[in-house]
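Inspection log for the structure reproduced underneath, given as structure tokens.
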Amino acid sequence: MVITINNLKEAAIAYWRLQKWVSSIEVDRKIAAESSLRTLKDFLKENEVEVIDLTGKLYDPGLSVEVMYFEDEDTVSENIPTIVEMMKPIIIQKGSVIEFGQVVIAKNPQNILAQEPELIATTENIVDEDEQQVALPKKEKSKIISLVSILSSVVTCLMIVAFFVIQAKNAESKSISILKSQSELRTEFDQYKDDMSKKLTEIQSSISIPATETDADVDANSIGWQAYIIKSGDTLTSVCIKYNIDFNAWEKVILSTNGIEDSNKIYVGQALLLPVQTKGR
């Protein structure tokens, strides 16, 4: 599985959003969400990804962030602006920034917090014959929209977790398939060795020693079989000379044993079995 920088960014932002949501809700059981958090955290740690939230820290132009909004218009105060909200965290991988953060800053954050508007319950009664509908206050609407956004983030996080779990299972399945293929190749190779062993036994039991002027009294029991791999520039004649074999006398045996129809047609990498005398006459 190939993990891209974009995959890491998406996972890091999903982790950050889910972490903020879990820390803000007040429920007794958060097991599913916390389990997803741990999974995402472990994944990010394995890929050396760090998520940085600077909420409440003093703003510095040298930070790896983009200012999206300045909450107050205080141009007189010499106060250093404070980051009052992170809209997106800073994401670092292996010491390098791969995603700049997005922040909201203010010179007097305490004033901003104190100026929260009062809840004005503006209701509009729409009287119908069957029902009466009451419009929700603006702040309640905002809470509902916020909750929907948070739930959407949680669903996104869970989908990302599911994606990586599926990828891990696919990788495991591929590994099992590779191991199975290796096992099948070994079985085929063992079968090939057995077949070759039987073939050699049959050849040795039925071999007819060619009669030559110099080797007329050669015993079949004194003949062994030498394996040789054809190299560039080899011919059957040159290989036989190398092993002191009379090619003219042994040509038919060599061709038959190795399944060669034409002595002039051999190829590099081809394996040969050559009759070599192993005992003195």
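Couple of notes before you dig in:
- Counted residue by residue at 0.36 nm each, then reduced by the alpha carbon distance between them, the extension gain from Ala162 to Glu50 reaches 38.2 nm.
- Ordering Ile25, Ile266 by the number of other Cβ atoms within 10 Å of each residue's own Cβ, fewest first, gives Ile25, Ile266.
- Taking a point 7 Å from the Cα of Gln277 along the Cα-to-Cβ direction, the residues of region 225-255 with backbone N closer than 11 Å to it are 244-246.
- Once the Cβ-Cβ distance of Ser238 and Lys199 is raised to the sixth power relative to R0 = 22 Å, the FRET efficiency obtained is 0.30.
- Here the gap between Lys9 and Ser23, fully extended at 0.36 nm per residue and compared with their Cα-Cα distance, gives a gain of 2.9 nm.
We did not get these values from a lab; they are worked out from the coordinates using the rules stated. These numbers come from a predicted model, not from an experiment. No Cβ is skipped: glycine too gets one built from the backbone with ideal geometry, and neighbour counts run over all protein chains shown.
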